[in-house]
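> Can you read through this structure? Questions will come right after.
Read-outs throughout are calculated quantities, based only on the coordinates presented, and are distinct from any laboratory measurement. All values reported here derive from a predicted model rather than from experimental measurement. Using ideal geometry, Cβ is built from the backbone for each residue, glycine included, and neighbour counts are taken over all protein chains shown.
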Ligand code: HEM
Ligand SMILES: [Cu+2]
């Protein structure tokens, strides 16, 4: 079957882009960056209001801005970018045409319409319900309808991705199994389908409630199903950004997985267990049984944690093996010291790995422990945790990948390469600080989604300790630094796209050159020998474990001093 | 060959593990099991476990029960009579209403005594955030959550609402005295 399209081979990377897929990736990536920009501007309002000595916005504006910040960032920025990544992992890596480009464009249009509709609803007021929109607090019908349209678009895009895999298989554009990175993307897609269906199950009735077709949605049922959607959507992000880690390791170092079996097995664990962990958002809720909480939040979740701990070793491990083969073999860490720290694709991914593991991972497991959840539920610790996962982990990894895509996909020279070099450090490290002080304030009890920690106008006001005020002040300082880092990313990306020097796109052909079969390479594995292939990564992993164990038990000690509860 | 190309060996799933990977897998697995059993252990030997006792309720039903407690055990009032301070006997059922935008009434409990604290909301979701002890429990409308509490220190405690509940959210603070 021949379909009229063309394939461009990029002279800088050797990657082959099909013309429809390329345009779709570009459109989705640009839409993503637009929402990152909006969400970033809103972050200024959020952070300057939570900084106690500035306390900038009025209460109603603050809640409006916070609702929009959460949705624009967590949903629109991330999912638009993910769709671009899915098309890259299918059409580009497997060198095939994209299935049904017209439908893919329709999906994109639906997503744009939905996102705009939802934003308009929020700014009009009357829909400041936060991204979780817990019933019985109601938003305008167009708030829910916007989200539903966006979700349908995203679901259609997932099926275009799956269809593209079928095309590649049928047209034999590669041999054997799909690459590990594509495998990770498939994981993300499978979880996405589950997620979007859960979202529909709860948002469609809520939409009907908002237009008066049905008269009640049970608040506890809402919370339970909403989190089946809200939690698993975070696992889409994890699968997506871990795929990007492997991809960047491959692109920058030519690294191959230490063993395909372990890395793929770890992705499989995500599919099997992650969506069952939505319980950890309901640990402080009434009406949910202890057994259900323990089994869901832990047993299954810890297999997902196991999977993340595996990737945490195998990604740096793959880099270490590649570096050692290049001769950086001295001591434990020469491979790391001699890594290209000036390449923002690498530095971004590395800062993301460390921050995601140490800050996001450890805090996430702590707060997902049934009893420990009592000491942080709904405090500002929670946004502290998820800015470590979804900003340091996901967002920074997307930024790192963008620096690779500017010359390759956009065909532009990066404007301000020096600025781009510093960006991951500024953004990533100030986010480290931001997350730490939010967790600190949360440990002291400071609430999330709260306009005024001084309780202006409250009859029985509470006085937070001075340390809590100090930490919330530092949230402001680190937050502004991070926003500056985000602004640089947007400047470099948009600037390169608009004004960067045009680069040669490479040869264009009207047929695909299939992925060449890879010659079996000498095994990295030192089967059964006493030498370890990645001792440095192993030591890093042990340091991680020590921090994890220590922090985990400190919190049990803290819990044991509270009022008795039974 | 790299992670962005198909694996070179067709039978990649037959590859033996590398030592580093195998060792880490074993360590991580053991740690996961420790964390799992820690929760079970705490249910058997720990003193802080959240009760799951819950009943369906309505604002009218819950208000009636709360009012009965207030009528029987009020010891004084605060803020010009707006808040009764209620001191039910140890071991009894005590009620606290969460609503836009206050917690009602003020409770007075005794240290090292146990009470069955009933919580619900009259309208939206609210949060029961006991400060400075830092115990945080979700309050969901329509559901009466019965939590058995044993205060272990005397003092004045605040109950801060930490679930967003509208424009007056930041004024929603209640109080519990422990003698
Ligand atoms: C660039 C710098 C950023 C700053 C300074 C910032 C700041 C904040 C702060 C202070 C809050 C908590 C407010 C509160 O609970 O009272 C918040 C909430 C949130 N942020 Fe960010 N943020 C940033 C970027 C991001 C990004 C990139 C994402 C997602 C990818 C994100 C997602 C969220 C979400 C989902 C919430 C929760 C909203 C809610 O409670 O409904 N943020 N942000
Ligand atoms: Cu409230």
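> Using only Cα atoms, locate the centre of region B:147-167 and the centre of region A:453-523, then give the distance between them in Å, rounded to an integer.
Using only Cα atoms, the two centres lie 37 Å from each other.
> Peptide B:52-62: average number of partner chain Cβ atoms within 10 Å per residue?
2
> Can you tell me, using C-alpha contacts under 8 Å and at least 6 residues apart, the relative contact order of region B:39-179 as a whole percent?
That works out to 24 percent.
> Using only the alpha-carbon atoms, how far is helix A:535-560 inclined from the longest principal axis of chain A? Give it as 0 to 90 degrees, nearest 10.
10
> Right, next: Return an integer: the convex hull volume of the alpha-carbon atoms of region A:83-207, in Å³ per residue.
Considering the Cα atoms of region A:83-207, their hull volume per residue is 97 Å³.
> To continue, here is another question. Per-residue mean of other chain beta-carbon atoms within 10 angstrom of the beta-carbon, peptide B:33-41?
Per-residue shielding by partner chains comes out at 6.
> Continuing with this model, one more query. Is the shape of region A:400-557 best called rounded, prolate or oblate, per the rule: a/c under 1.5 gives rounded, else a/b larger than b/c gives prolate, else oblate, with a ≥ b ≥ c the square roots of the Cα gyration tensor eigenvalues?
Note, shape of region A:400-557 comes out oblate.
> In degrees between 0 and 90, to the nearest 10, how far off the longest principal axis of chain A does helix A:260-273 point, with axes built from Cα atoms?
Compared with the principal axis, the helix lies near 30 degrees.
> What number does region A:1-139 give for Rg over Rh if you use C-alpha atoms and the Kirkwood radius?
1.13
> Please give the calculated 222 nm ellipticity per residue for chain A, where each DSSP H segment of at least 4 residues contributes -39500 (n - 2.57) and the sum is spread over every residue; nearest 500 deg cm²/dmol?
Computed ellipticity for chain A at 222 nm equals -21000 deg cm²/dmol.
> Right, next: Which angle from 0 to 90°, rounded to the nearest 10, does the C-alpha axis of helix B:19-45 make with the longest principal axis of chain B?
20
> How many angstrom separate the Cα center of region B:83-134 from the Cα center of region A:314-360?
52
> Sticking with this structure for a sec: Could you tell me the relative contact order of chain A? Use alpha-carbon pairs under 8 Å, at least six residues apart, and round to a whole percent.
Answer for chain A is 18 percent.
> Can I ask one more? Note the direction-averaged projected area, equal to a quarter of the hull surface, for the Cα convex hull of region B:48-118, in nm².
The Cα convex hull of region B:48-118, projected and averaged over all directions, gives 5.7 nm².
> Now for a different question. Taking only the C-alpha atoms, wrap a convex hull around the protein assembly as shown and report its volume per residue in Å³ as a whole number.
Hull volume normalised by residue count: 149 Å³.
> Return A:387, A:377 ranked ascending by Cβ neighbour count within 10 Å, so the fewest neighbours appear first.
The most exposed by this proxy come first: A:387, A:377.
> If you consider only alpha-carbon coordinates, what radius of gyration and Dmax does region A:265-399 have, in Å?
For region A:265-399, the Cα radius of gyration and maximum Cα-Cα distance read 17.6, 59 Å.
> Could you tell me how far the Cα centroid of region A:56-87 sits from the Cα centroid of region A:130-165, in Å?
13
> Sticking with this one: With 10 angstrom as the radius, rank A:452, B:123, B:71, A:215 by how many other C-beta atoms surround their C-beta, starting from the fewest.
Lowest count first: A:215, B:71, B:123, A:452.
> Could you work out the mean count of beta carbons from other protein chains within 10 Å of each residue's beta carbon in A:255-264?
Per residue, the average neighbour count from other chains is 6.
> Kindly rank A:468-476, B:58-66, B:157-165, B:28-36 from highest to lowest mean number of other beta carbons found within 10 Å of each residue.
B:157-165, A:468-476, B:28-36, B:58-66
> Let me ask something additional. Under the definition of Cα pairs under 8 Å and six or more residues apart, what whole-number percent is the relative contact order of region B:79-154?
30
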